[in-house]
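Presented below is the structure to which this report refers.
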Amino acid sequence: AQSVTQLDSHVSVSEGTPVLLRCNYSSSYSPSLFWYVQHPNKGLQLLLKYTSAATLVKGINGFEAEFKKSETSFHLTKPSAHMSDAAEYFCVVSDVNAGGTSYGKLTFGQGTILTVHP
Amino acid sequence: DAGITQSPRHKVTETGTPVTLRCHQTENHRYMYWYRQDPGHGLRLIHYSYGVKDTDKGEVSDGYSVSRSKTEDFLLTLESATSSQTSVYFCAISDIPLAGVVDTQYFGPGTRLTVL
């Protein structure tokens, strides 16, 4: 079984300061992990994706995330926040089963709302 | 942006009426999914399809049915809408996953459904 916990429901930062959004996951097999962003009244956009290649994954808009198997974490970071980063962020896990196949069923975290102050 | 459209984008209906939401894709992807989004729950999978006429249930499938008669269209039906089905519904698509790899899902713009 797979599950995701986003440790903060709200994060508030000042423009120009670093962003850290925390995510822990549980997975029975080899997980794929994603971060999606959702701006108000919009659909979901993929930020980045981990699929067992490099553990440090770089995404769009300066975001990156590091896969740490020992800590079962996949935290999202950005060195310097911009006003346009204000949105809701979702950490997502998908298991590849023991047979090496997956129908791509995703399990979403509950979301973290990022507020950026001028 | 992936070629995914949802219709209608907004709908208000009354309890007990049937409702059908449509997802249309132009990417020729094999997999299609329906999710609902509610505050504090992220997105939860309702049903998914892994090919024409091939569908399966997700974690919150009660009260919903789906159909897929063509690769490009995936319909979600609420046979008798209830107020608990008030939500934002998202369609997603993905391509055939390689063994050991999960393909990215791309999401449509969403349909806001209100059941009075």
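Rule-based calculations on the coordinates, nothing more; no lab input. Just so we're clear, the structure is a prediction, and the values are computed from it rather than from any experiment. We place every Cβ from the backbone using ideal geometry, glycine too, and count neighbours over all the protein chains shown.
Of note:
- Centre separation in Å (Cα based) which lies between the stretch B:40-73 and the stretch A:1-62: 24 Å
- Per residue, the convex hull spanned by the alpha carbons of the protein assembly as shown comes to 118 Å³.
- Kirkwood hydrodynamic radius (C-alpha pairs) into Stokes-Einstein, chain A, 10 °C and 1.306 mPa s, D in µm²/s: 110 µm²/s
- Packing-based exposure ordering (other Cβ within 10 Å, fewest first) of B:His41, B:His47, A:His10: A:His10, B:His41, B:His47
- Take the Cβ atoms of A:Leu56 and B:Glu14, set R0 to 41 Å, and the FRET efficiency comes out at 0.20.
- When each of A:Lys49/A:Lys78; A:Lys49/B:Lys57; A:Lys42/B:Lys11; A:Lys58/A:Lys78; A:Lys49/A:Lys105; A:Lys42/B:Lys57 is checked by Cα-Cα distance, pairs over 19 Å: A:Lys49/B:Lys57; A:Lys42/B:Lys57
- Eligible aspartates and glutamates near A:Lys69 by straight Cα distance, threshold 15 Å, same-chain separation 8 or greater: A:Asp95
- Ranked by how many other Cβ atoms sit within 10 Å of their own Cβ, fewest first, the residues A:Phe67, A:Phe90 fall in the order A:Phe67, A:Phe90.
- The stretch B:49-94 - Kirkwood radius from inverse mean 1/r over Cα pairs (Å): 11.8 Å
- Cα gyration tensor category, rounded, prolate or oblate, for the stretch B:20-63 with a/c compared to 1.5: prolate
- Average other protein chain Cβ within 10 Å of Cβ, residues B:42-48: 5
- Directionally averaged shadow of the stretch B:1-46, computed from the convex hull of its alpha-carbon atoms, nm²: 4.6 nm²
- Calculated FRET efficiency for the pair B:Lys57/B:Leu116, C-beta based, R₀ 25 Å, to 0.05: 0.40
- For the stretch A:6-50, the C-alpha radius of gyration divided by 2.2 N^0.38 Å, with N the number of residues, is 1.40.
- Coordinate range of the alpha-carbon atoms in the stretch B:1-80 per principal axis, descending: 34, 25, 24 Å.
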